[in-house]
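Colleague: Below is one structure. I have some questions about it.
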Amino acid sequence: MLLIQILMLTMKNLLMILALIGSLGMVQGQIADHDPMTENSLDDRSEGGEAYLRRVQSPITPNSVRQYQIMAVDYDVAKLDLFDGRNELFLVAFKTQKGTILTSYDRKGEVVESVEKFRDLALPLEIMRTGLKSHAGWAVIRTNYYVSYVKDQRTEIIYTIQITDGIKKKKILLDGDGTLLD
């Protein structure tokens with residue numbers, strides 16, 4: 001009985017996600033769950049892929065996220081049966097235990113848009129120091145990393161540190177450079 005309820009819940013969630021993707025006018029995508037270290041070499045990257053990586057990566061980007069960003073660029077959507085080279089965007093979801101990168105590719109297979117959400121990562125030391133600077137004695141209860149990329153537009157990178165002093169909870173936001181946001 002419990003298994004049936006879990007399966008029904010999973011199917012409901014899947015249908016809601018598919019409805020959302022359909023309402024955005026995107027072509028049906030594929031879920032990729034690959035080892036990022038087995039993808040193409042750095043020399044095989046397109047100029048568009050290099051531009052994406054320059055905008056979403058910095059010296060303080062968490063290494064685990066960096067590997068999946070590289071995988072999104074190196075992923076060859078042209079090899080998928082569902083990819084037919086139309087002018088509509090093609091969506092691929094790269095999932096890990098810590099988060100997801102939803103990447104839209106154009107007809108050439110280059111990254112056009114990306115939304116990245118990761119939780120409970122070991123954030124860079126600079127981010128943690130800046131975020132906790134005025135909160136000595138508070139404990140970190142959750143971390144989040146968010147990136148919104150659109151080709152030829154502004155890229156948004158947000159680090160979130162959720163902390164508690166045992167009574168109160170607080171959320172600290174920092175940008176991609178480690179600057180505190182109000």
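The values are calculated or read from the model by the stated rules, or taken from the named source; none is laboratory data. This is a predicted model, so every value here is computed, not measured. Glycine also receives a Cβ, built like all others from the backbone with ideal geometry; neighbour counts cover every protein chain displayed.
Colleague: Quickly run through the stretch 137-151 and pick out the residues that are hydrophobic (A, V, I, L, M, F, W, C) and touching a residue at least 24 places away in the same chain (Cβ under 8 Å).
Modeller: 138, 139, 141, 147, 150
Colleague: Still on this structure, please answer the following. Any chance you could count how many residues in the stretch 144-156 are among the β-branched types (Val, Ile, Thr) and more than 14 Å from residue 119 (Cα to Cα)?
Modeller: The total comes to 2.
Colleague: Continuing with this model, one more query. When the stretch 134-182 is examined, which residues are found to be under 19 Å from residue 62 (Cβ atoms), surrounded by fewer than 16 Cβ atoms within 10 Å (Cβ to Cβ), of a type in the set (Val, Ile, Thr) and touching a strand residue (DSSP E or B) at 6+ places or on another chain (Cβ under 7 Å)?
Modeller: Within the stretch 134-182, 141, 155, 158 qualify.
Colleague: Hey, residue 94 hits all of (1) in a strand (DSSP E or B); (2) surrounded by fewer than 21 Cβ atoms within 10 Å (Cβ to Cβ); (3) of a type in the set (Phe, Trp, Tyr) but one; which does it fall short on?
Modeller: (2) is the only condition that residue 94 fails.
Colleague: Would you mention how many residues in the stretch 83-95 are farther than 23 Å from residue 117 by Cβ and touching a helix residue (DSSP H, G or I) at 6+ places or on another chain (Cβ under 6 Å)?
Modeller: 1
Colleague: Of all residues in the stretch 106-121, which are of a type in the set (Gly, Ala, Ser), under 13 Å from the mean Cα position of the chain (by Cα) and modelled with pLDDT under 95?
Modeller: Correct list: empty.
Colleague: Looking at the stretch 71-82, is at least one residue surrounded by fewer than 20 Cβ atoms within 10 Å (Cβ to Cβ), touching a helix residue (DSSP H, G or I) at 6+ places or on another chain (Cβ under 9 Å) and not charged (D, E, K, R)?
Modeller: Scanning the stretch 71-82 turns up no residue that is surrounded by fewer than 20 Cβ atoms within 10 Å (Cβ to Cβ), touching a helix residue (DSSP H, G or I) at 6+ places or on another chain (Cβ under 9 Å) and not charged (D, E, K, R).
Colleague: Among the residues of the stretch 73-81, is any modelled with pLDDT under 95, farther than 22 Å from residue 62 by Cα and either assigned to a strand (DSSP E or B) or touching a strand residue (DSSP E or B) at 6+ places or on another chain (Cβ under 8 Å) (or both)?
Modeller: yes
Colleague: Scan the stretch 115-140 residue by residue and report those that are in contact with a Lys or Arg (Cβ under 7 Å, 6 or more places away or on another chain) and part of a strand (DSSP E or B).
Modeller: 118, 119 - these are the residues of the stretch 115-140 that are in contact with a Lys or Arg (Cβ under 7 Å, 6 or more places away or on another chain) and part of a strand (DSSP E or B).
Colleague: Which of the residues belonging to the stretch 111-133 are surrounded by fewer than 21 Cβ atoms within 10 Å (Cβ to Cβ), of a type in the set (D, E, K, R) and touching a residue at least 40 places away in the same chain (Cβ under 8 Å)?
Modeller: Of everything in the stretch 111-133, just one residue is surrounded by fewer than 21 Cβ atoms within 10 Å (Cβ to Cβ), of a type in the set (D, E, K, R) and touching a residue at least 40 places away in the same chain (Cβ under 8 Å), namely 126.
Colleague: Continuing with the same structure: Collect the residues in the stretch 131-182 that are touching a His at 6+ places or on another chain (Cβ under 9 Å) and of a type in the set (Phe, Trp, Tyr), keeping them in residue-number order.
Modeller: none
Colleague: Additional query: Which condition does residue 108 not pass, out of (1) touching an Asp or Glu at 6+ places or on another chain (Cβ under 9 Å); (2) farther than 21 Å from residue 159 by Cα; (3) surrounded by fewer than 15 Cβ atoms within 10 Å (Cβ to Cβ); (4) of a type outside the set (A, V, I, L, M, F, W, C), if it passes all the others?
Modeller: (1)
Colleague: Starting from residues that are among the small types (Gly, Ala, Ser) and within 21 Å of residue 98 (Cα to Cα), keep the ones in the stretch 132-177 and report whichever is modelled with the lowest pLDDT.
Modeller: 176
Colleague: Can you name the number of the only condition in (1) under 11 Å from the mean Cα position of the chain (by Cα); (2) without any contact (Cβ under 8 Å) to a residue 24 or more places away in the chain that residue 63 fails?
Modeller: Checking residue 63 against (1) under 11 Å from the mean Cα position of the chain (by Cα); (2) without any contact (Cβ under 8 Å) to a residue 24 or more places away in the chain, the one that fails is (1).
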